[in-house]
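Chemist: My structure is below; once you've seen it, I'll send some questions.
Each value in this text was obtained by applying a stated rule to the coordinates, not by laboratory testing. Please read these numbers as outputs of a predicted model, since none were measured by experiment. Because the Cβ atoms are built from the backbone with ideal geometry, glycine has one as well, and the counts that use them run over all protein chains shown.
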Amino acid sequence: MNVLRKPIKKTFLSLSLLLLMLIVTGNALAASGGLDQDAGPYHVALQTNPETLVANQPATFTLTIKDKATGKPITGAKVMMSSPTMTGSTGMNGSDNNMAGMDMSSSMDKQGGAAMQEQSSMGSMSMDPGTYMMEGMSFNQPGQWNQEVTISSPLGDTTVDFPITVAKSGPNFLLIGSVAGVVVIAGILAAFLRKKKH
């Protein structure tokens, strides 16, 4: 019997570790997917705080711009954010099909075409050169959005589009389900270990 229990124990341990790795990798990809790209002469990276954007909750967008050829930070650029637009339907039953391409909420309309502030003008905040920031961004509903940013500097003018995913406000059911799965596997493993001792 002990010969059979050792492979079972190893299998459950392997499954537990695999599930944990999938959770961590999935969260990292969700946070960073598609937000780091080349555009014209620039390499541009967008970060959001919080990483997971939630409808009707303010967020800060931070853009880091570098010379694609040399990797040097681009300072003194004019960086403009336009109002984001929706890229698809968000309705569970198709009720929101007419929302595709909709402009942002009134709170965002006030910021439409607003200039991102370069970090050197942000006071005592410590950020890398070539970093630009926009605070108080909010999305009026969950779904897939497109954020357009226009960059102008002596290197040239270019526009870059960032795909933005906005979640519903409320509990993160994917995370809750993943944690529950780990707990169940750990419980099964503990039960096998107890049987082995008896």
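Chemist: On a full-extension model of 0.36 nm per residue, what is the gain between residue 38 and residue 135, subtracting their alpha-carbon distance, rounded to one decimal in nm?
Modeler: Taking 0.36 nm per residue and subtracting the Cα distance, the gain is 32.6 nm.
Chemist: Which length gain, in nm to one decimal place, applies between residue 182 and residue 144 when the Cα-Cα distance is subtracted from 0.36 nm times their residue separation?
Modeler: Here the answer is 10.7 nm.
Chemist: Further, regarding this structure: Hey, rough spin-label estimate for residue 195 and residue 114, points 7 angstrom out along Cα→Cβ, what's it come to in nanometres?
Modeler: Between residue 195 and residue 114, the label points sit 6.0 nm apart.
Chemist: Please give the contour-minus-distance gain from residue 57 to residue 85: 0.36 nm per residue of separation, less the Cα-Cα distance, rounded to one decimal in nm.
Modeler: 8.4 nm
Chemist: Let me ask something else about it. Sorted by mean Cβ packing within 10 Å, highest first, what order do the peptides 145-151, 35-41 take?
Modeler: 145-151, 35-41
Chemist: State, to one decimal in nm, how far the label point of residue 127 lies from the label point of residue 45, with both points 7 Å from Cα in the Cβ direction.
Modeler: Spacing of the two 7 Å Cα→Cβ label points: 1.3 nm.
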